[in-house]
Amino acid sequence: MALLFMCDGEASEPWRASLCNEIPDLDFRIWPDNIGNVDEIDIALAWQPPRGALANFSNLKFILSLGAGVEHILCDPELPKSVRIARLIEPGLRTGMVEFVTMEVLRYHRRADEYRFQQSDRKWKLLRQTLSQDRRVGILGLGYLGAACGDMLRRFGFSVSGWARSAKTLPGIDSFYGEDGLFSLLEQSDILICLLPLTSETEDILDATTLGALPRGAVLINVARGKHLVDDDLIIALDSGQLSAATLDVFREEPLPFEHPFWMHPKISLFPHAAAWTLPESASPVIADNIRRCRAGEKLIGEIEVKRGY
Ligand code: NAP
Ligand code: GLV
């Protein structure tokens with residue numbers, strides 16, 4: 001039994017060291033140069049595996065995602081049918097995402113960019129401060145990351161609501177679900193954060209209709225996936241003043257093409273998919289636990305429902 005590490009461009013050595021520290025007898029193979037006997041591989045630890053590549057391993061039983069999202073695995077038309085798949089649920093990702101989302105919400109809330117512009121004109125002028133309780137933050141997706149961001153923001157005093165597939169009871173967070181619930185959430189979100197998984201149901205969810213349902217001048221923070229957002233609809237919403245700003249960490253095509261209009265748009269703050277990284281030092285204990293579960297035939301942490309898409 002061997003684990004195959006499949007992550008293009010990711011230095012494998014820190015992962016090997018850290019996982020072998022957790023499981024000393026782990027047989028750690030590396031795609032594509034150190035695969036060994038393909039029949040021995042039963043687990044793949046993967047980020048954006050090349051399409052069709054996983055079909056080469058006839059004894060593959062488990063795929064562990066190196067990230068929270070799994071759409072990069074599920075999009076493979078040749079994905080072996082009977083494999084079990086787990087997304088990554090780990091505290092380092094959660095901390096990174098909570099930090100990033102809080103940073104951006106506070107930046108807009110405290111009008112930091114406007115002060116920056118004033119500084120460039122040597123302009124000394126106080127801008128009206130809004131109480132956090134009067135700022136309404138809506139979160140699409142109340143899972144591991146969305147709920148943690150909501151919890152932090154409500155501690156800052158923001159008025160926080162969220163939307164999920166199923167009803168939720170989370171302290172201090174108003175929860176909505178279903179199609180009607182989506183529009184109830186949107187119409188009361190001064191700042192909208194997207195933390196949904198990318199599925200057939202959520203693709204293109206941030207379009208002219210949903211962006212148009214936000215209060216005029218709202219802010220969008222998309223830290224989920226680029227395919228949640230219809231790019232042209234965002235530009236129209238920003239140019240018309242329907243939205244006042246957007247933070248984008250994820251894009252339909254990554255890296256974002258050089259000529260894409262998002263790069264130079266004055267109302268867009270852009271990050272290179274940097275909100276929350278998977279680091280071996282925090283993720284390895286969780287992944288090692290899942291490797292042991294695979295081998296013991298137990299339910300995996302974060303095991304997904306393939307049909308549901310997350
Ligand atoms: P998660 O725990 O699976 O949570 C997903 C949430 O979305 C759940 O609350 C789920 O509802 C809700 N949801 C799914 N489909 C829905 C639908 N059709 N309608 C309404 N709600 C729906 O996922 P997570 O760990 O929080 O991660 C969320 C996403 O963040 C990942 O999939 C990934 O794309 C993104 N991400 C981005 C970065 C970055 O660096 N930018 C880093 C990590 C993750 P239920 O609770 O009812 O199931
Ligand atoms: C990053 O985007 C992740 O899915 O963890």
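Just a few scattered comments:
- The residue list E99, E22, E78 contains one member that is exposed (fewer than 15 other Cβ atoms within 10 Å of the Cβ), acidic (D, E) and touching a helix residue (DSSP H, G or I) at 6+ places or on another chain (Cβ under 8 Å), which is E78.
- Those residues of segment 226-261 which are open to solvent by 40 Å² or more (accessible area, probe 1.4 Å) and either outside the structural domain of G150 (by TED's automatic domain parsing) or within 16 Å of ligand 2 (Cβ to nearest atom) (or both), in sequence order: K227, R252, E253, E254, P255
- Given (1) assigned to a helix (DSSP H, G or I); (2) more than 24 Å from L238 (Cβ to Cβ); (3) away from ligand 2 (no atom under 16 Å from the Cβ); (4) open to solvent by less than 80 Å² (accessible area, probe 1.4 Å), index of the condition Y108 fails: (2)
- Hits in segment 161-203 (condition: open to solvent by less than 30 Å² (accessible area, probe 1.4 Å) and more than 9 Å from ligand 1 (Cβ to nearest atom)): S161, I173, L185, L186, S189, I191, L192, I193
- Any hit, segment 52-71, residues being within 16 Å of ligand 1 (Cβ to nearest atom) and in a helix (DSSP H, G or I): yes
- Single match in R116, R135, R111 (criterion: touching a residue at least 24 places away in the same chain (Cβ under 8 Å) and of a type in the set (D, E, K, R)): R135
- Flag if F158 is at negative phi and open to solvent by less than 20 Å² (accessible area, probe 1.4 Å): yes
The values are calculated or read from the model by the stated rules, or taken from the named source; none is laboratory data. These numbers were taken from a predicted model, which means no experiment stands behind them. Methodologically, a virtual Cβ is constructed for each residue, glycine included, from the backbone with ideal geometry; neighbour enumeration extends over all protein chains shown. All accessible areas refer to the heavy atoms of the entire protein, side chains included, with ligands and DNA or RNA removed. Shrake-Rupley method; radii C 1.70, N 1.55, O 1.52, S 1.80 Å.
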